[in-house]
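So the structure is just underneath, and the comments pick up after that.
The values are calculated or read from the model by the stated rules, or taken from the named source; none is laboratory data. The model shown is predicted, which means the values in this text are computed figures rather than measured ones. Ideal geometry is used to build each Cβ from the backbone, glycine not excepted, and the neighbour counts take in all protein chains shown. Heavy atoms of the whole protein, side chains included, go into the accessibility calculation; ligands, DNA and RNA do not. Shrake-Rupley method; radii C 1.70, N 1.55, O 1.52, S 1.80 Å.
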Amino acid sequence: MPSGARDAVLKFYFGPMDCGKSTLALQMNYNHGRQGRRGLVLTKHDRSGGPKVTSRIGLGLEAIEVEDSLDLVSLVTAHDRIDYLICDEACFYTVQQIEQLADLVDDHGVDVYAFGLASDFRSVMFPAAQRLFELADEVCRLQVEVLCWCGRPGQLNARVVGGSMARTGEQVVIGDTDASPVRYQVLCRRHHRSGRLGEDENQAVLTAGGPAGP
Ligand SMILES: [Zn+2]
């Protein structure tokens, strides 16, 4: 490496749903673009259902959809000059694609900013997120006040099917769309473990035995 040059970096920003990951991804792309740097924005399974990065607060940007078969090194080297990548929803990429991101950093000097969930609805880490934890130069937990219904910090994503929390199933199921019976809810660790979703709390307590009557 020439003296005075800096190494490119691989950074992973993780947090539960609604913690502002996509908003930060878009902000970071904007900031780098303003400095005259050239980048690509990648995503997978964005909430919009299209090849876009969209944020809960209404920002959006066209993006490249990362299919499982997409080789990220080829994607980048096909361009004239790429300084950085914004990789939203990186938890859904393949492990091989995470390796490709590390290659881009080390062999091509591309800065990679990856954003995603750490763990799935069972609180088990996504394989791609695990590889990012292992390889990243820097890992940052995002904690934009997303709260459980009880007021504690929300840390884990629960999958809710038919009003109750699912414990088993496919690792990736798209939810929170009109067509899907699946929704996701952020809970604190305590309530993720107990499965209490906060609705009908009184009923839940009564079902569990409740206070003794007079
Ligand atoms: Zn809670």
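Let me confirm something: among LEU147, LEU197, LEU187, LEU142, which residue is more than 24 Å from THR43 (Cα to Cα) and at pLDDT below 90?
LEU147
Residues in the range 106-130 that are more than 22 Å from VAL53 (Cα to Cα) and either within 16 Å of the ligand (Cβ to nearest atom) or among the hydrophobic types (A, V, I, L, M, F, W, C) (or both): SER123, VAL124, MET125.
Tally the residues that are part of a helix (DSSP H, G or I) and hydroxyl-bearing (Ser, Thr, Tyr), restricting the search to the range 23-57. Adding up the residues that qualify gives 2. For GLU99, the requirement of being closer than 26 Å to VAL53 by Cβ and loosely packed, with under 12 Cβ neighbours inside 10 Å is not met.
Among what's in the range 93-142 and is small (Gly, Ala, Ser) and free of Cβ contacts under 8 Å to residues at least 40 places away in the same chain, pick the residue that is nearest to VAL73 (Cα to Cα).
That would be ALA128.
Could you list all residues from the range 160-201 that are within 13 Å of the ligand (Cβ to nearest atom) and assigned to a loop (DSSP other than H, G, I, E, B)?
We begin by selecting, within the range 160-201, every residue within 13 Å of the ligand (Cβ to nearest atom); these are 165, 185-199, 201.
Correct list: CYS188, GLY195, ARG196, LEU197, GLY198, GLU199.
Scanning the range 8-27 for residues that are within 16 Å of PHE121 (Cβ to Cβ) and of a type in the set (Ser, Thr, Tyr) yields no hits at all. The set of residues in the range 35-60 that are basic (Lys, Arg) and either buried (at least 18 other Cβ atoms within 10 Å of the Cβ) or at pLDDT below 90 (or both) comprises LYS44, ARG47, LYS52, ARG56. Of all positions in the range 131-139, at least one carries a residue that is of a type outside the set (A, V, I, L, M), farther than 15 Å from GLU89 by Cα, away from the ligand (no atom under 16 Å from the Cβ) and in a helix (DSSP H, G or I). For the range 146-159, the set of residues classified as within 14 Å of the ligand (Cβ to nearest atom) and either open to solvent by 60 Å² or more (accessible area, probe 1.4 Å) or free of Cβ contacts under 8 Å to residues at least 60 places away in the same chain (or both) consists of LEU147, CYS148, TRP149, CYS150, GLY151, ARG152, PRO153, GLN155, ALA158, listed by residue number.
Condition check ((1) under 23 Å from HIS108 (Cα atoms); (2) open to solvent by less than 30 Å² (accessible area, probe 1.4 Å); (3) without any contact (Cβ under 8 Å) to a residue 12 or more places away in the chain) across all residues:
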| site | (1), (2), (3) |
| --- | --- |
| MET17 | no, yes, no |
| LYS21 | no, yes, no |
| HIS32 | yes, yes, no |
| GLU62 | no, no, no |
| CYS91 | yes, yes, no |
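Checking the stated criteria, SER74 turns out to be of a type in the set (Gly, Ala, Ser), more than 25 Å from GLN143 (Cα to Cα) and in a helix (DSSP H, G or I).
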